[in-house]
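Input: a single structure, listed below in structure tokens.
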Amino acid sequence: EIRVAKKAIWDYDAVRREIARVVREAGYPHNVLVTFPMAQDCIKVKSNAMVSRVWRHPITSFLCCISCACLVGWPIERAATSKWRNMIASDFVVMLSPQDYVNRHADFIHSQITWSPTSLN
């Protein structure tokens, strides 16, 4: 199993400031919190070998549990995969400046603001 962790190199603070600026310019009076959740930032590449496919199959896990073979099988599997497990970091630089990014997506940002001045009355 090989794991690849993706990481974007970007000025996230500048993006936060620019998005907050666009939201405030729209007249939004409340605090603005901009976050960047890292969903799906790790890719797992697994072997397509017959032994690997059989070991990963849910029926194998079920049979292992009911036969108590997991007491021996799982530690062996863990030791074998941890020996060969590799972690690769994939850093890439975002070529678009934060200002350009926010300017290109200003319409979308405005469409996500669900506040109107009449809602305060």
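The values are calculated or read from the model by the stated rules, or taken from the named source; none is laboratory data. Keep in mind it's a predicted model, so treat the numbers as computed, not measured. Reconstructed Cβ throughout: ideal geometry from the backbone, glycine too, with neighbour counts over all protein chains shown. These area figures cover heavy atoms from the full protein model, side chains too; ligands, DNA and RNA do not enter into them. Shrake-Rupley method; radii C 1.70, N 1.55, O 1.52, S 1.80 Å.
Identify, please: which residue in the range 47-72 is under 25 Å from the mean Cα position of the chain (by Cα) and modelled with pLDDT of 75 or more and is, among those, surrounded by the most Cβ atoms within 10 Å (Cβ to Cβ)?
Result: 56.
With respect to residue 32, is the statement that it is of a type in the set (A, V, I, L, M, F, W, C) and over 30 Å from residue 103 (Cα atoms) true?
No: the conditions fail for residue 32.
Could you grab me the full set of residues in the range 14-44 that are of a type in the set (A, V, I, L, M), open to solvent by less than 90 Å² (accessible area, probe 1.4 Å) and free of Cβ contacts under 8 Å to residues at least 60 places away in the same chain?
The answer is 20, 32, 34, 39, 43.
List the residue pairs whose Cβ atoms are under 8 Å apart, where the first residue sits in the range 45-68 and is within 26 Å of residue 5 (Cβ to Cβ), the second is surrounded by 12 or more Cβ atoms within 10 Å (Cβ to Cβ) and aliphatic (A, V, I, L, M), and the two are 6 or more positions apart or on different chains.
45/2; 45/4
Report whether or not residue 101 is modelled with pLDDT of 75 or more, open to solvent by 70 Å² or more (accessible area, probe 1.4 Å) and among the aromatic types (Phe, Trp, Tyr).
Yes, satisfied.
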